[in-house]
1. Quick one: which strands (runs of 3 or more DSSP E) sit completely within region 505-604 and have at least 1 residues that are within 37 Å of the chain's Cα centre (by Cα)?
2. Using beta carbons and a limit of 9 Å, which pairs, at least six apart or on different chains, have the first residue in region 187-204 and in a helix (DSSP H, G or I) and the second one of a type in the set (Phe, Trp, Tyr) and open to solvent by less than 20 Å² (accessible area, probe 1.4 Å)?
3. Give the residues of region 476-504 that are out of contact with any Asp or Glu (no Cβ under 7 Å at 6 or more places or on another chain), in a helix (DSSP H, G or I) and farther than 19 Å from Leu535 by Cα, sorted by residue number.
4. Could you check region 34-46 and list, in sequence order, the residues that are touching a Lys or Arg at 6+ places or on another chain (Cβ under 8 Å) and either basic (Lys, Arg) or on the phi < 0 side of the Ramachandran plot (or both)?
5. Considering (1) crowded, with 23+ Cβ neighbours inside 10 Å; (2) in contact with a Leu (Cβ under 8 Å, 6 or more places away or on another chain), say which one Gly388 fails and leave the rest.
6. Report the residue count in region 554-589 for those that are more than 21 Å from Glu652 (Cα to Cα), crowded, with 22+ Cβ neighbours inside 10 Å and small (Gly, Ala, Ser).
7. Among Val170, Val174, Val189, Val193, which is the only one that is open to solvent by 20 Å² or more (accessible area, probe 1.4 Å), among the hydrophobic types (A, V, I, L, M, F, W, C), modelled with pLDDT under 85 and touching a helix residue (DSSP H, G or I) at 6+ places or on another chain (Cβ under 7 Å)?
Amino acid sequence: MATVRLDRTIAFLRTVPFTALFTLVFLVIGAFTGSMFTPASEKPWYEFVATGLPAFEQGRWWTVFTSPFVASPPLAYLSVLVLVVVGFGWAERSFGTWRTVAIALSGHLVGVLGSAAIVAIVARTGWHWAEMLSQTYDVGPSCAAFAALVFAIATLPSPWRLRARAAVVVWVGVSLLYLGNLYDLEHAVALVVALIATGVIPSLRHKMSRPSHRERRLIALWGLIIIGVIQVIAMIVPYDGPLGQHSASSSFWDVLLDLVVIALIANGIRRGHRFAWIVALVLGAYNVLTAALSFLSIPALIDDGYIDQPQDILGQFVAPAFFWLALMVFLIAGRDAFRVPLRKAKRQLQAKEISRADMVDQLHGLGGGTISWMTSWPDNLRIEVEDGALAYQVHSGVAIQLGDAVVSAGRHANALSEFVTKAEEAGFVPCVFSAGAATDQAKPEGWRSIVVAEDTIVDLPGLAFTGKAWNHVRTAINRAGREGIEFRMLHLNEAPWSLLAQVRMISEQWTGDKGLPEMGFTLGTVDEALDPEVLVGVALDQEGNLHGVTSWLPVYSTTEPGRIAGWTLDLMRRRDEGFPPVMEFLIASSAKHFSEAGYDFLSLSGAPLVRGSEQDDEAIYRVLDQLSSLAEPLYGFKSLHRFKQKFNPRDEELYLLYRDEGDLPRIGIAILQAYLPDTKMRDIALSAVSTVRESHDAD
C-alpha cells in the first residue's frame with residue numbers, strides 16, 4: 001500500500017514540476033536563511049532582497065527576482081504555501097508548466113511594480129496611508145500565486161467561475177480596505193490585471209451572460225454574511241488601513257442589530273423572498289444614512305474634542321457603508337430575482353396552466369418521447385411553453401420537470417429556459433428528470449447532466465424470435481401454448497368487471513409483499529392503465545384465471561402528427577404461483593402484436609437508478625450506485641433491467657439535468673418524495689432493513 005501511494009505521489013508531482021520545484025526551493029531558502037523561524041524583516045539582508053518603493057528609488061531593481069523566495073513573518077509561510085500550491089498547481093495542470101511560469105512571473109511583476117507606481121503617485125497627496133506604504137518593504141510570491149489562481153479560475157464552468165471570482169475579489173477587497181498593507185495593494189493590482197487578461201485572451205474569454213436568479217440570490221446571501229463577519233472583526237480587531245487607524249469599536253449595539261436582522265432574513269434572501277429583499281434594503285439604507293450623518297458631523301466632533309482627526313471615525317462607519325451600498329445596488333439591479341411570496345400557498349410558476357385534456361392534444365399533435373404520455377397522469381402540473389407544454393411536480397422546494405417538453409423539434413432549449421426561469425422566480429430549485437438526448441443537448445450553459453436510467457428499446461420492423469439470443473422467449477411462448485395460456489390485448493377500461501377485479505387483486509398482492517405503496521412519478525398503477533388510450537396485455541388460462549398483466553403507453557410520432565409510433569411498457573404484475581415465465585410470454589406476445597400492427601418500436605422503459613457499467617466512475621455516479629443498491633431489495637430495479645435484456649433491446653440513456661452539485665441533495669430528496677409521496681422516511685428504512693434481513697435469512 002505504501003509503495004502504491006508513493007508511486008501515485010511521484011506521478012502527481014511529475015504533472016506539476018514547477019509547483020513542486022518552487023515549493024522545495026522556497027522552503028529550503030526559508031530554512032537556510034532562518035526566515036521560517038524569525039521574521040525576515042529583522043535580518044540585516046532584508047532590504048537587499050525585498051521590493052517596495054524605497055528599494056526601487058535606491059536602484060535595487062533586482063529585488064523583483066529575489067523577493068518571491070522569502071516570506072515574513074514566519075506564520076506567513078503557512079498561508080503563502082497554501083496559496084502557492086493551490087494557485088501554481090491548479091494553473092500548471094490547466095495550462096502546462098511554461099505557461100504557468102509566464103503567468104506567475106507576469107503577475108509578480110505587475111503586482112509589485114504597479115503598486116509601487118500607485119504609492120509613488122498617491123503619496124504626494126499627503127495621505128497618511130500612502131505615505132506609510134512609501135516607506136514599506138515586502139517579500140513573498142503571493143502576487144504570482146494570486147495571478148495563477150485567477151487564471152485557473154477562468155477554466156471553471158459556470159456558475160462556479162463567477163462564484164470563485166467573487167470570493168477572490170471580496171477577499172482581496174476587504175484586506176485592502178481594512179488592513180491596507182503593501183502586499184494587499186499588490187494583490188489587488190495583480191488581481192485586477194489578471195481578471196482583465198482572462199477576459200481578453202480568446203481561449204479564456206467566456207460569453208457574457210446575466211447571472212441567473214439563483215446566482216443573484218446566492219451572491220446577495222454571501223454579501224450579507226460577509227458584511228456581518230466584517231463588522232464583527234472590525235469591532236474587535238484594531239487596524240491601520242486606507243481609512244485611518246481604528247481601535248476596538250464602540251458601536252456594539254449597531255453591529256448587534258445588523259447581525260440579528262441578517263440572521264433573520266438570510267434564508268429569505270436565499271429563497272428570493274420579496275419581504276427579505278425589502279428588509280435588506282432598509283437595513284442597508286440605515287447603515288449608509290448613519291455613515292453619511294457621521295461623515296457630516298466630523299467637523300463638529302473635532303471641534304468638541306471627541307476625535308482628533310477624521311481618520312478616527314472614517315474606518316468605523318465609511319467602510320461598512322461602502323459594502324452596504326454595493327449590496328444595495330446589487331439588490332436593486334437584481335430585483336427580479338426577489339419576487340417570491342412569503343406564503344408558500346402563493347408560490348407557483350407564473351405560466352399558463354393547462355388541463356390534462358390539453359396536454360393529450362399536444363401529445364397528439366407534437367408527439368413526444370417514450371415517457372411523454374406520463375405527463376398526462378393526474379399527479380403532474382402542466383404549463384404552456386413555446387408551442388407546446390411540459391409537466392412537472394414540486395417536492396421539497398424542487399420543481400421537477402418530467403421528461404422532455406412536448407414541443408416542436410429544435411425548441412427544447414427555449415422550453416427548458418422558460419421552465420428554469422419560471423421555477424427560479426417562484427423560489428424553486430429546477431431540474432429535469434428522465435430527459436432524453438434532445439433536452440440534454442439543449443441544457444443551459446453551466447448545467448450538468450448525469451445518467452439516471454437506460455431506456456430499453458426493441459425495434460419492431462422485421463421482428464422474429466429466431467436464433468440463440470431468443471431462446472428464453474421462445475421457451476416461454478412454447479410452454480404457454482402447452483399449458484393453455486392465452487394472450488389478449490385490450491383496453492382495461494372496456495374489460496369485464498371480473499377481469500378488472502383480478503388485475504386489482506394481483507396488483508394489491510404485489511404491493512402488500514413490498515411493505516410499501518406502489519411507486520408513482522414514472523411508474524404507473526392500475527388507475528393509469530384504465531386510460532382509454534392505454535393498451536393492456538393479459539395472460540389468461542382456459543378457466544379465465546389471470547396470470548399476468550402488462551400495460552402499454554402510446555408514444556406519438558414527432559414527425560407524423562396523430563400517428564402512434566410505438567408503445568412504452570409501464571405496469572407489470574404477475575400472479576403468485578401462476579404461470580412462471582408469464583412476463584416473458586406477455587412482453588414477447590405484445591411485441592409480436594405491435595409488430596404485426598405496423599408500429600416502429602417498443603420501449604421496455606428505463607429502470608430508475610440503473611446505468612451501464614461503462615459509464616464514468618465519477619463520485620456522483622458512485623452515490624447513485626449506492627442508492628440503487630439500497631433500493632434493490634425493495635423494488636428490484638437492477639433485476640428488472642437484467643430481465644429486459646432477454647429481449648435484446650438497444651439502450652438509450654435518460655438523464656437528470658441540474659444546475660450544479662449544490663442542488664443534488666435537495667433534488668435527491670424531492671425525487672424520492674415524487675416516487676413515494678405518501679411514505680415516510682421511517683417506513684422506507686424499516687422496509688429496507690426487513691427486506692435485507694429476509695434475504696440474508698434465505699441465504
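1. 546-556, 564-574, 601-603
2. If the second residue must be of a type in the set (Phe, Trp, Tyr) and open to solvent by less than 20 Å² (accessible area, probe 1.4 Å), the pairs left are His187/Phe146; Ala190/Phe146; Leu191/Phe146; Ala194/Phe146.
3. Ile477, Asn478, Arg479, Ala480, Gly481, Arg482
4. The answer is Ser35, and nothing else.
5. (1)
6. Adding up the residues that qualify gives 1.
7. Values: Val170 fails: modelled with pLDDT under 85; Val189 fails: modelled with pLDDT under 85; Val193 fails: modelled with pLDDT under 85.
Being open to solvent by 20 Å² or more (accessible area, probe 1.4 Å), among the hydrophobic types (A, V, I, L, M, F, W, C), modelled with pLDDT under 85 and touching a helix residue (DSSP H, G or I) at 6+ places or on another chain (Cβ under 7 Å) holds for just one of Val170, Val174, Val189, Val193, which is Val174.
For every residue, the table says whether it meets (1) more than 18 Å from Ala190 (Cα to Cα); (2) open to solvent by 70 Å² or more (accessible area, probe 1.4 Å); (3) modelled with pLDDT of 95 or more.
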residue	(1), (2), (3)
Ala91	no, no, no
Thr97	yes, no, no
Val119	no, no, no
Arg124	yes, yes, no
His128	yes, yes, no
Glu131	yes, yes, no
Gln135	yes, yes, no
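The values are calculated or read from the model by the stated rules, or taken from the named source; none is laboratory data. None of the values given here were measured: they were computed from a predicted structure. In this analysis, Cβ positions are derived from the backbone assuming ideal geometry, glycine residues included, and neighbour counts consider all displayed protein chains. These accessible areas exclude ligands, DNA and RNA; they are computed on the full protein's heavy atoms, side chains included. Shrake-Rupley method; radii C 1.70, N 1.55, O 1.52, S 1.80 Å.
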